[in-house]
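Remarks on the structure that follows.
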Amino acid sequence: MPLDPMPDWALARQQVVGERIRDCRRAAGLSQVQLGELVGRDHKTIHRYETAQTSPSLLDLILIAHAAGVSLAELVG
């Protein structure tokens, strides 16, 4: 059961992960639409991950890392 409200440090960490998703996507030369197609998600979902509006699942993080050509550790640091 998730914490409500979420601790500030967790929200800040979620924002950092979103920024890394965006940075890795851009470094791979992918648009949000292209990344979404590669991982089976809508481009709006990719946008929500990058702006920390939604938390990606572990499987989504694995797929995003693979599509961007980075390790999972590099993606979530």
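Considering only protein heavy atoms, what per residue accessible area in square angstrom results for the chain with a 1.4 angstrom probe?
That works out to 65 Å² for each residue.
Within the stretch 26-63, which residues have the backbone N less than 20 Å from the label spot 7 Å out from residue 8 along Cα→beta-carbon, could you tell me?
Residues passing the 20 Å test: 52-53.
Could you check the spin-label model distance between residue 15 and residue 76? Points 7 Å from the Cα along Cα→Cβ, value in nm.
Using points 7 Å along Cα→Cβ, the separation is 2.1 nm.
From the helices alone, meaning DSSP H stretches of at least four residues, give me the mean residue ellipticity at 222 nm for the chain, per-run term -39500 (n - 2.57), in deg cm²/dmol to the nearest 500. Could you put the intermediate results ahead of the total?
Values: 5 runs with 52 residues, N = 77.
For the chain, the value works out to -20000 deg cm²/dmol.
To test your reading of the geometry: what angle, between 0 and 90 degrees and rounded to tens, separates the Cα axis of helix 8-27 from the longest principal axis of the chain?
The angle comes out at about 10 degrees.
Got a number for carbon plus sulfur as a percent of the chain's accessible area, 1.4 Å probe? Walk me through the numbers before you get to the answer.
Working: 2830 of 4980 Å².
Ligands and nucleic acids excluded, carbon and sulfur give 57 percent.
How tilted is helix 58-68 with respect to the longest principal axis of the chain? Cα atoms for both, answer in degrees (0 to 90, nearest 10).
30 degrees
Assuming 1.567 mPa s and 4 °C, estimate D for the chain with Stokes-Einstein, Rh taken as the Kirkwood radius over Cα pairs, in µm²/s. Each step should come with its number before you reach the end.
Details: Rh = 12.4 Å.
Calculated translational D: 104 µm²/s.
The values are calculated or read from the model by the stated rules, or taken from the named source; none is laboratory data. Quick caveat: nothing in here was measured; it's all calculated off a predicted structure. Quick reminder, even Gly has a Cβ in these numbers, built from the backbone with ideal geometry, and neighbours come from all protein chains shown. For the accessible areas, the whole protein counts, side chains as well, though only heavy atoms, and no ligand, DNA or RNA atoms are used. Shrake-Rupley method; radii C 1.70, N 1.55, O 1.52, S 1.80 Å.
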